[in-house]
Amino acid sequence: MNRFAELLDRLVLTPSRNGKLTLLTDYFRSVEDPDRGLALAAITGDLSIAAVKPAMLRTLVIERMDPVLFRYSYDYVGDLAETVSLVWPQSSADIPNHAPTLAEVVAKLQAASRSDGPKVLARLLDSASISARFAIIKLVTGGLRIGVSARLAKQALADLGGVDITEIEELWHGLAPPYTELFAWLEGKAEKPRKTALALFRPVMLSTPVGDGDLEKLDPADYAAEWKWDGIRVQAVCEGGVRRLYSRTGDDVSGAFPDFGEAMNFSATLDGELLVGDPLQATGTFSDLQQRLNRKSVTPKIQQQYPAFMRCYDVLQIGDEDLRPLCFRERRGRLEAFVKSLDPSRFDLSPLVEFTDWQALEELRRKPLHPVIEGVMLKRWDSPYLAGRPKGPWFKWKRDPHTVDAVLMYAQRGHGKRSSFYSDYTFGVWSGPEGSEELVPVGKAYFGFTDEELRQIDKYVRDNTIERFGPVRSVRADREAGLVLEVAFEGLNRSTRHKSGVAMRFPRISRLRWDKPAAEADRIETLQALLDS
Amino acid sequence: MQQASRAAISDYLGAMRASDLLHPRPEGLYCPPGDFFIDPVRPVSRALITHGHSDHARSGHRSVLATQQTLDIMGLRYGEGFAGTTQAAVLGEAIALNGVSVTFHPAGHVLGSAQIAVEHQGTCIVASGDYKRQGDATCEPFEPIKCDVFITEATFGLPVFRHPPDTEEIGRLLKSAAQFPERSHLIGAYALGKAQRVMRLLRDAGYDRPIYIHGALAKLSDYYQSQGIDLGMLEPATVESSGKDDFTGAIVVGPPSAFADRWARRFPDPISCFASGWMRIRQRAKQGGVELPLIISDHADWDELTATIKETGAEEIWVTHGREEALVRWCELEGIAARPLHLVGYEDEGD
């Protein structure tokens, strides 16, 4: 337990991604099973422990110390879990000869019933060190908030075993804590765990933006073009009766789309865009789609109003046959045939866009036939389906205006009707060398969102505040966590007044990218390239 | 009931001689019968100094009475003419000042630090200055002195402050140095006391590579070494003496302010560490950009403060700089009379 507690303490104060990876891999290397696997599960959010409410924690501590001294302490520290971990009275008689392991702590917490949970927690706190108490409280109150995403933890595993992260992602949903067979494989002591579980995630293939001069070097005949739909990228997997809908980072989002799940009655892995509406009638906008996102549960009314469907553009597997090694042309043929067998109100095919040369495609890109289209995709006819973001086989070519995916950094309270809302947003993009990227502010926007979105952002700001300076709050924004805002703007000027060297014309929030990891927001070079063009 | 006991205390305060023997004045804590001040913050005629930290030991007094080591340290910091005359106090030996007996006892805070026991007509007050109870190889350990009134600091006077053993903290530092051998570890530590204690702890933990130090630490560290406190090989952390690569894997000690300075740019991808009792609070570490907080303090933590108050057997506690409120509350719960002294001019943040 102490080593886990120490790991948490270090991670929360280590800003650099590489530093975090070193701490994680060292921990996984030096700590034995099952503790390390349980730690991994705690970090990725896969450890289930019945939650203890903050009020219960407060009650427990007040039973043990003077309430006035507790109040002074809490006022000073400001964080309940930390305060309790520090002030919890401990007599030397309580200190056991051997510090409890993480496995022992987890076992006791998991075995506790709802009624004796607080008592079990109190006994554990009696026997733990200060750091361990903090870690235990974090485990039972839910959410470690240590600035480590599940993806970063998986990267650390990949580093530990010298394998590619996509191998871990592929296995992940078939494994369970404490991941003993996974560690054995990574340490070379056992075979790679077989994919025994059904309907696992396949790492997705990503595109790179079309840069200046890129197209001149390419032959249009080598590429297929498709519309780029403004939804969210999903992977629908059905295997042996198990149905899962994954986001592009491999998170299982099935729970939010029960209506769509009912139509997943096939045996295949499909790649496509999740949209709302009726594919035969009308495709909803991204803001319509947002009615369905970030919900733990979804009411029948919302499901009816905004039915989800998938616009398919690739097929990775049909039955037992892995299609990823096939070229895009062949996969496309299989996909076209396969989609015909699916419920047409829930699945359709992303149509190919006919074009003869880049100029013609440019015309189409500028005047797309539907507002939910945000550009075109280019896919090499002869490319296999590759995990990650290889440059060359897939390009995205977005329509105007310019948009940039920036990360929310500061929020300021508005005035008048908005005086109780954090409604003015300063956002930034990444700069600096790989491994020590920093956000540099590039602009400020205060419109472009609906009232409902304003409420959502306001809540996000309040929940993720790091510092307050009068009416301004700085929000958590780093490689691991942050709210990505897609900012649309009409042009870019050079600026000597701004640290970033650029000033946006007419910036507005074009949408909220709740689905996009902060680390994948744009870099300053993307904007600088615009300046130079 | 509470009101009645409050009234009793204030009657007692009004009648007692303790506040005639020592009481706060704008210059500092004053003893009218002895005509001297303890740790005055402005120049006075006669000053008794508990230890060499600059908020307690100021220059410009007509005469100064302190331990020899504190006098030496003041000389190093302010130059030889820091006071009109000086007198060295020997630990445990009483000195009469206008009929008031004063005795210096070790405080365990930094080298040369002392508590001052003031006795007159059967009343004994101990002004403890800053103190700690955890072991420290760089100074004499604190001695509890039986007294009627104990004057305590309250820098860490909240139940949240619980300092871990310093050896554990140094263990974490050495572990990090092994984990990140390509980076340097910069330790912020106050120039008098903390810096030397950290160096000594490193040596006691078996660290035998040179320790690089900021120029501000040189004179005081040399002085510690001259007093028989072995700090091992210390090298100036200057660019002239070494290129950037030479600081790879190095442990560098400097005053905390230096790390926000351009001075720190010479180190490769440094991990910023800070040795202080404040590092117990995560948000303090976070706000200061500290990656590796080392909870090493030269002040008593909550458990040390409360244990010490009991050990002195004092009937009354006067609380000086820090978080007085909570310590006074604790005394109340324990049935010990206590009040804050509200002395001005002392840093309640330094550690």
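The values are calculated or read from the model by the stated rules, or taken from the named source; none is laboratory data. Keep in mind it's a predicted model, so treat the numbers as computed, not measured. FYI the Cβ positions are ideal-geometry reconstructions off the backbone, even for glycines, and counts take in every protein chain you see.
Listed residues A:L69, A:L60, A:L38; which is more than 30 Å from B:A154 (Cα to Cα) and either among the hydrophobic types (A, V, I, L, M, F, W, C) or not in a helix (DSSP H, G or I) (or both)? Give the steps one after another, and end with the answer.
Numbers: A:L69 fails: more than 30 Å from B:A154 (Cα to Cα); A:L60 fails: more than 30 Å from B:A154 (Cα to Cα).
Just a single option satisfies the conditions, and that option is A:L38.
Report whether or not A:L80 is closer than 18 Å to A:I130 by Cα, assigned by TED's automatic domain parsing to the domain that holds A:L121, in contact (Cβ under 8 Å) with a residue 24 or more places away in the chain and aliphatic (A, V, I, L, M). Give the steps one after another, and end with the answer.
Numbers: closer than 18 Å to A:I130 by Cα: yes; assigned by TED's automatic domain parsing to the domain that holds A:L121: yes; in contact (Cβ under 8 Å) with a residue 24 or more places away in the chain: yes; aliphatic (A, V, I, L, M): yes.
Considered against the rule, which asks whether it is closer than 18 Å to A:I130 by Cα, assigned by TED's automatic domain parsing to the domain that holds A:L121, in contact (Cβ under 8 Å) with a residue 24 or more places away in the chain and aliphatic (A, V, I, L, M), A:L80 comes out as yes.
Residue-wise test of (1) part of a strand (DSSP E or B); (2) touching a residue at least 40 places away in the same chain (Cβ under 8 Å); (3) not assigned by TED's automatic domain parsing to the domain that holds A:E453.
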{"residue": "A:A481", "(1), (2), (3)": "no, yes, no"}
{"residue": "A:E486", "(1), (2), (3)": "yes, yes, no"}
{"residue": "A:N493", "(1), (2), (3)": "yes, no, no"}
{"residue": "A:D515", "(1), (2), (3)": "no, yes, no"}
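Considering the conditions (1) touching a Leu at 6+ places or on another chain (Cβ under 9 Å); (2) within 12 Å of chain B (Cβ to nearest Cβ); (3) in a helix (DSSP H, G or I), A:Q90 is excluded by exactly one of them, (3).
Does A:D252 satisfy the criteria of being in contact with a Lys or Arg (Cβ under 7 Å, 6 or more places away or on another chain) and among the acidic types (D, E)? Yes: the conditions hold for A:D252.
In region A:349-387, how many residues are of a type in the set (D, E) and in contact with a Cys (Cβ under 7 Å, 6 or more places away or on another chain)?
Going through region A:349-387, the residues of a type in the set (D, E) turn out to be A:354, A:357, A:362-363, A:374, A:382.
From the residues that got through so far, the ones that are in contact with a Cys (Cβ under 7 Å, 6 or more places away or on another chain) too are A:382.
Count: 1.
Residues of region A:51-80 that are buried (at least 16 other Cβ atoms within 10 Å of the Cβ), more than 10 Å from chain B (Cβ to nearest Cβ) and closer than 25 Å to A:V148 by Cβ: A:V52, A:L57, A:L80. Against the condition away from chain A (no Cβ under 14 Å), surrounded by fewer than 21 Cβ atoms within 10 Å (Cβ to Cβ), closer than 26 Å to B:R200 by Cβ and touching a residue at least 12 places away in the same chain (Cβ under 8 Å), how does B:E347 come out, does it pass? Taking the combined requirement at face value, the residue satisfies it.
A quick yes/no check of all residues on (1) more than 10 Å from chain A (Cβ to nearest Cβ); (2) at pLDDT 95 or above:
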position: B:P256; (1), (2): yes, no
position: B:I281; (1), (2): no, no
position: B:V290; (1), (2): no, no
position: B:L294; (1), (2): yes, yes
position: B:I309; (1), (2): yes, yes
position: B:A314; (1), (2): yes, yes
position: B:T320; (1), (2): yes, no
position: B:E324; (1), (2): yes, no
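Any residue at all in region A:29-50 that's surrounded by fewer than 17 Cβ atoms within 10 Å (Cβ to Cβ), within 13 Å of chain B (Cβ to nearest Cβ) and more than 28 Å from A:D463 (Cβ to Cβ)? Yes, region A:29-50 contains at least one residue that is surrounded by fewer than 17 Cβ atoms within 10 Å (Cβ to Cβ), within 13 Å of chain B (Cβ to nearest Cβ) and more than 28 Å from A:D463 (Cβ to Cβ).
The set of residues in region A:435-451 being under 21 Å from the mean Cα position of the chain (by Cα) and at pLDDT below 90 consists of A:G435 alone.
Just one of the listed residues (A:E167, A:E181) is modelled with pLDDT under 90 and buried (at least 16 other Cβ atoms within 10 Å of the Cβ), namely A:E167.
Just so you know, in region A:386-402 the residues that are in a strand (DSSP E or B) and out of contact with any Ser or Thr (no Cβ under 6 Å at 6 or more places or on another chain) include one that is farthest from A:R366 (Cα to Cα), and it is A:G388. Can you give me the ranges of the helices (runs of 4 or more DSSP H) entirely in region A:277-363 with at least 3 residues that are at pLDDT 90 or above and under 29 Å from the mean Cα position of the chain (by Cα)? In region A:277-363, the matching helices (runs of 4 or more DSSP H) lie at A:300-305, A:328-339.
Is region A:410-420 home to any residue that is more than 22 Å from the chain's Cα centre (by Cα) and either assigned by TED's automatic domain parsing to the domain that holds A:E273 or within 19 Å of A:E525 (Cα to Cα) (or both)? Within region A:410-420 (the criterion being more than 22 Å from the chain's Cα centre (by Cα) and either assigned by TED's automatic domain parsing to the domain that holds A:E273 or within 19 Å of A:E525 (Cα to Cα) (or both)), the answer is no, since none of the residues qualifies. Evaluate region B:269-277: report whether one residue or more is more than 14 Å from every other protein chain (Cβ to nearest Cβ), in contact with a strand residue (DSSP E or B) (Cβ under 6 Å, 6 or more places away or on another chain), under 30 Å from A:D75 (Cβ atoms) and modelled with pLDDT of 95 or more. Yes, because at least one residue in region B:269-277 is more than 14 Å from every other protein chain (Cβ to nearest Cβ), in contact with a strand residue (DSSP E or B) (Cβ under 6 Å, 6 or more places away or on another chain), under 30 Å from A:D75 (Cβ atoms) and modelled with pLDDT of 95 or more. Screening region B:150-202 for residues that are part of a strand (DSSP E or B) and within 13 Å of another protein chain (Cβ to nearest Cβ) and picking the one that is farthest from B:D269 (Cα to Cα) gives B:A154. Residue count for region A:364-385 under the criterion of being assigned to a loop (DSSP other than H, G, I, E, B), surrounded by 14 or more Cβ atoms within 10 Å (Cβ to Cβ) and at pLDDT 95 or above: the result is 4. Taking into account only those residues within region A:41-57 that are of a type outside the set (S, T, N, Q) and assigned to a loop (DSSP other than H, G, I, E, B), which is farthest from A:T180 (Cα to Cα)? Checking each candidate, the answer is A:K53.
Per the listing A:R133, A:R151, the residue uniquely surrounded by fewer than 23 Cβ atoms within 10 Å (Cβ to Cβ), assigned to a helix (DSSP H, G or I) and touching a Ser or Thr at 6+ places or on another chain (Cβ under 7 Å) is A:R151. Within region A:6-28, restricting attention to residues that are more than 7 Å from chain B (Cβ to nearest Cβ) and either part of a loop (DSSP other than H, G, I, E, B) or touching a Pro at 6+ places or on another chain (Cβ under 7 Å) (or both), the residue that is modelled with the highest pLDDT is A:S16. Among the criteria (1) farther than 23 Å from A:E321 by Cα; (2) touching a residue at least 40 places away in the same chain (Cβ under 8 Å); (3) surrounded by fewer than 21 Cβ atoms within 10 Å (Cβ to Cβ), the one A:Y223 does not fulfil is (3).
Report, by residue number, each residue of region B:240-254 that is assigned to a loop (DSSP other than H, G, I, E, B) and at pLDDT below 70. Working first, answer last.
Restricting attention to region B:240-254, the residues satisfying the condition of being assigned to a loop (DSSP other than H, G, I, E, B) are B:240-243, B:248-250.
Of everything in region B:240-254, those that are assigned to a loop (DSSP other than H, G, I, E, B) and at pLDDT below 70 turn out to be B:E240, B:S241, B:S242, B:G243.
This table checks each residue for (1) of a type in the set (D, E); (2) in a strand (DSSP E or B); (3) under 28 Å from B:L217 (Cβ atoms).
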| position | (1), (2), (3) |
| --- | --- |
| B:T50 | no, no, yes |
| B:Q69 | no, no, yes |
| B:I73 | no, no, yes |
| B:R77 | no, no, yes |
| B:F104 | no, yes, yes |
| B:V110 | no, no, yes |
| B:E119 | yes, yes, no |
| B:K132 | no, no, yes |
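Out of A:I168, A:I146, report the one residue that is more than 14 Å from chain B (Cβ to nearest Cβ) and closer than 17 Å to A:A41 by Cα.
Details: A:I146 fails: more than 14 Å from chain B (Cβ to nearest Cβ).
The conditions single out A:I168.
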